[in-house]
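Worksheet: one structure, shown below.
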Amino acid sequence: MADTQYRLEMRGVVKTFPGVKALDHAQLRLKPGTVHALMGENGAGKSTLMKCMFGIYKMDEGEIFYEGKPVKIKDPLDALHKGIAMVHQELQPIPARSVGENIFLGRYPKKFGGLFVDHKKMYSDTEKLLKKVRMDFDPKQHVGTLSVSQMQSVEIAKAVSANCKVLILDEPTSSLTAKEVEALFRIIEDLKAEGVSIVYISHKMDEILRISDEVTIMRDGQYIGTWDAKELTTDMIITKMVGRELTNLFPPKINQPGEVVFKVEDFTSINPKSFRDINFELRAGEILCVGGLVGAQRTELMEGIFGIRSHSKGKIYYKGKELKIRRPKDAIDQGIAMLTEDRRATGIMGVLSIADNISIASLKKYRDFGFLINNRKIENLVQDNVKKMNIKAPSSKTLIQSLSGGNQQKVLIGRWLANNPDVLILDEPTRGIDVGAKYEIYCIISELAKEGKAIILISSEMSELIGMADRVMVMCDGRITGFIDGKDATQENIMELATQFA
Ligand SMILES: Nc1ncnc2c1ncn2[C@@H]1O[C@H](COP(=O)(O)OP(=O)(O)OP(=O)(O)O)[C@@H](O)[C@H]1O
Ligand SMILES: [Mg+2]
């Protein structure tokens, strides 16, 4: 019985993984020409439901109707042919291939009766697509040289190239700047006007309320309900998502920073376009938030300090002693930990278990007689972390690649806590994390500061900078443009410093 009001309908979807019922009779109904937000806590089953729609996973039970007719979706290529496209939460581009090749992978335009790839057409089509998604970079450029946000645009261009009628965007803005988000929203408006149904997954409430027409909320793999976005407020969404009311978004700021412990002096990158003349100090127990637009070189600076990138001059001191850091291991050995921004590239080790991922940076501490790894101690440590951060997983042996995006992030935070560092650098630690878990992570950060750890927190979320900072350091174009006391930080004064181009 086809209900043709809907472009696509999923009914009674059940999907079980070993030890987890990821979807328990989930459902979704998409109308043409609408933005449909899909919301739920980390691990609620949003990505899994979309992977069922896109043919990555086979449903155990359930049906999909496309324009009223029941359909089976065999695999992602089949989905694309049916007009369903997906931009993944964890980007999976092929770095050594060009932008054009990434977009047309598996469906290259052909010439001479299909024998050869028609490169000319591929690149001219790519150029048109990039224009359509309001981007200008070279279609022949290798994807590996693009920034995360540019890669995201390539993925969106790829989806658009399929002339899709359903477009799934799984946390598309988690690494975009405000300006890039606006550009994406314009693309979404364009597509919506063309009648495309868009599924939008995000943990950012303001975005949801701004662009969505309808909202479906999931909890523990189950369908909670679908509402007209106009009927909802942030509080209502949160309550329906977590099943209870949340009163605080940030822990109270009662921090008392102590002595200066960490000092960075005249720190300058070997790359003239990157960070330069960096001077700052950090106190024990201080949370120093680093603000700035994407491209301000905040991550690059921290990677420089941590030994991932080279510097041409400058010194780093901890408690008055100069630290020699040439590679990350040197930094870790001297009590510095860093949580990286892009968990896929530099953070998670997908084929290892949760336990391994948590303990890997601190194995030294869990050895008996210097070489025997004490598994029981590790298991305690891991259990402790799983509990503290409410990591949703069947067991500590679960491979980290099978966790939901937000839960992977929590495992990574656990890794650095396990190492008990003196200086903790966190680059966008709550990226992709739901509201409830965000608060948990803020409490952990604040707790660590209370224990006397010095914390550097890079964040692109204004509310996070303002909610967490004892002091805000703002960067623009590789330089520090100013410091603001946490009590006086506002969106306006941060933005002003963030846009002080030389
Ligand atoms: N390939 C897999 N193997 C095993 N378990 C999986 C797999 N994919 C997902 N899961 C589990 O299914 C549940 C739902 O995960 P899913 O990724 O759909 O959550 P999500 O709602 O997208 O969360 P997030 O907001 O963190 O991205 C989680 O418990 C997750 O660990
Ligand atoms: Mg997800």
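The values are calculated or read from the model by the stated rules, or taken from the named source; none is laboratory data. Please read these numbers as outputs of a predicted model, since none were measured by experiment. We place every Cβ from the backbone using ideal geometry, glycine too, and count neighbours over all the protein chains shown.
Summary table
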{"read-out": "Of all residues making up the range 410-454, the number that are free of Cβ contacts under 8 Å to residues at least 60 places away in the same chain and not in a helix (DSSP H, G or I)", "value": "2"}
{"read-out": "Tally, over the range 401-425, of residues that are farther than 12 Å from ASN385 by Cβ, within 16 Å of ligand 2 (Cβ to nearest atom) and buried (at least 23 other Cβ atoms within 10 Å of the Cβ)", "value": "6"}
{"read-out": "All positions within the range 258-317 that are assigned to a strand (DSSP E or B) and among the β-branched types (Val, Ile, Thr)", "value": "VAL260, VAL261, VAL264, THR268, ILE278, ILE287, VAL290, ILE316"}
{"read-out": "Unique residue being more than 25 Å from MET236 (Cα to Cα) and buried (at least 19 other Cβ atoms within 10 Å of the Cβ) when the list is MET39, MET59", "value": "MET59"}
{"read-out": "Qualifying positions in the range 456-480 - among the β-branched types (Val, Ile, Thr) and in contact with a Ser or Thr (Cβ under 9 Å, 6 or more places away or on another chain)", "value": "ILE458, ILE466, VAL474"}
{"read-out": "Which listed residue, of GLY370, GLY436, is at pLDDT below 80, within 16 Å of ligand 2 (Cβ to nearest atom) and not hydroxyl-bearing (Ser, Thr, Tyr)", "value": "GLY436"}
{"read-out": "Qualifying positions in the range 219-243 - buried (at least 16 other Cβ atoms within 10 Å of the Cβ) and closer than 15 Å to VAL435 by Cα", "value": "ARG219, ILE237, ILE238, LYS240, MET241, VAL242"}
{"read-out": "Conditions (1) assigned to a helix (DSSP H, G or I); (2) touching a strand residue (DSSP E or B) at 6+ places or on another chain (Cβ under 8 Å): number failed by CYS164", "value": "(1)"}
{"read-out": "Selected residue (criterion: nearest to ligand 1 (Cβ to nearest atom)) from residues of the range 381-409 that are part of a loop (DSSP other than H, G, I, E, B) and β-branched (Val, Ile, Thr)", "value": "THR398"}
